[in-house]
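Peer 1: The structure that follows is given in the form of structure tokens.
The values are calculated or read from the model by the stated rules, or taken from the named source; none is laboratory data. All values reported here derive from a predicted model rather than from experimental measurement. Neighbour counts run over all protein chains shown; Cβ positions are idealised from the backbone, glycine included. Side chains included, ligands, DNA and RNA excluded: accessible areas come from the protein's heavy atoms. Shrake-Rupley method; radii C 1.70, N 1.55, O 1.52, S 1.80 Å.
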Amino acid sequence: MNGSLHSSPNVVDIRLKRGPAGLGFNIVGGVDQQYVVNDNGIYVSKIKEDGAAALDGRLQEGDKILAINGVKLEDRTHKHVVELFRTAGEDVELRVLKKLPHHMNGPTGSQPEHEPSVSSLGVLAALAGVAAIFAFIYMRNLRRHL
């Protein structure tokens, strides 16, 4: 493949040998089914367990497929790309833009889900304070009735 198609350290060429279940991954995207806003690209949506892609290990969900056997996938319908894959032969060469890891200062929603907005210690401190106030009021009222 020529180097004019996204020369970047995140672009890799992956050669897969078609197995009994095909290449072992699903795709989304195309000009008629945009997966990413303002991007007509083709993306890997699922890697099938024990398929050719899973056994190879380099193709990952979220990777963007730039070309198949030297044919660029820009501005193509999903159906056309599926047909390119079906007729690609037994040995298939993919040019892939690897999915970039999320950064903490990235867009909304890229923050890890396990980070709580209120710390657990803060909640415990508030509960302890409320319990202390109720205990004080209870004891004060108890002494008045004795």
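Peer 1: What accessible area, in Å² to the nearest ten, does a 1.4 Å probe give for SER8?
Peer 2: Its heavy atoms expose roughly 50 Å² to the probe.
Peer 1: Here's something else I'd like to know. Counting Lys +1, Arg +1, Asp -1, Glu -1, what net charge surrounds LEU100 among other residues with beta carbon under 11 Å of its beta carbon? Intermediate results must be reported in sequence, preceding the final value.
Peer 2: Values: positive: LYS64, LYS98, LYS99; negative: ASP63.
Charge balance in the 11 Å sphere: +2.
Peer 1: For an R0 of 35 angstrom, estimate the FRET efficiency from the Cβ-Cβ distance between LYS48 and LYS72 and round to the nearest 0.05.
Peer 2: Values: r = 25 Å, r/R0 = 0.71.
The pair LYS48/LYS72 has a calculated efficiency of 0.90.
Peer 1: Okay, next question. Can you tell me what percent of all Cα-Cα pairs in the range 12-57 are more than 16 Å apart?
Peer 2: Numbers: 471 of 1035 pairs.
The share of Cα pairs beyond 16 Å in the range 12-57 comes to 46 percent.
Peer 1: For a quick check of understanding: with a 1.4 angstrom probe and all protein chains in place, what accessible area in square angstrom does LEU121 have, to the nearest ten?
Peer 2: That residue has around 140 Å² of solvent-accessible surface.
Peer 1: With θ taken as phi - 60° and the coefficients 6.51, -1.76 and 1.60, list the Karplus ³J(HN,Hα) couplings across the range 66-73 in order, rounded to whole Hz; mark glycine and proline as x.
Peer 2: Ordered by residue, 3J(HN,Hα) equals 8, 7, 10, 6, x, 8, 5, 9 Hz.
Peer 1: Given +1 on the Cβ of Lys and Arg, -1 on the Cβ of Asp and Glu, and no further charges, what dipole in debye does the range 12-93 carry about its Cα centre, rounded to the nearest 20? Let's see the in-between values first.
Peer 2: Numbers: 11 positive and 14 negative charges, 25 e Å.
Its charge dipole is roughly 120 debye.
Peer 1: Reported to two decimal places, what Rg/Rh ratio describes the range 21-84 when computed on Cα atoms with Rh from the Kirkwood expression?
Peer 2: Values: Rg = 11.5 Å, Rh = 11.9 Å.
Rounded to two decimals, Rg/Rh equals 0.96.
Peer 1: In nm, to one decimal, how far is the ASP32 label point from the LEU100 one, both placed 7 Å along Cα→Cβ?
Peer 2: Simple spin-label model gives 3.1 nm for this pair.
Peer 1: On to the next question. Let me cross-check VAL28: its accessible surface, 1.4 Å probe, with only protein heavy atoms counted, in Å² to the nearest 10?
Peer 2: 40
Peer 1: Can you tell me which aspartates and glutamates have their Cα less than 16 Å from the Cα of LYS46? Leave out same-chain residues fewer than eight positions away.
Peer 2: ASP56, GLU61, ASP63
Peer 1: Could you work out the local net charge near LYS46, counting Lys and Arg as +1, Asp and Glu as -1, over the other residues with Cβ closer than 12 Å to its Cβ? Provide the component values of the computation, followed by the final result.
Peer 2: Working: positive: LYS48; negative: GLU49, GLU61, ASP63.
Charge balance near LYS46 sits at -2.
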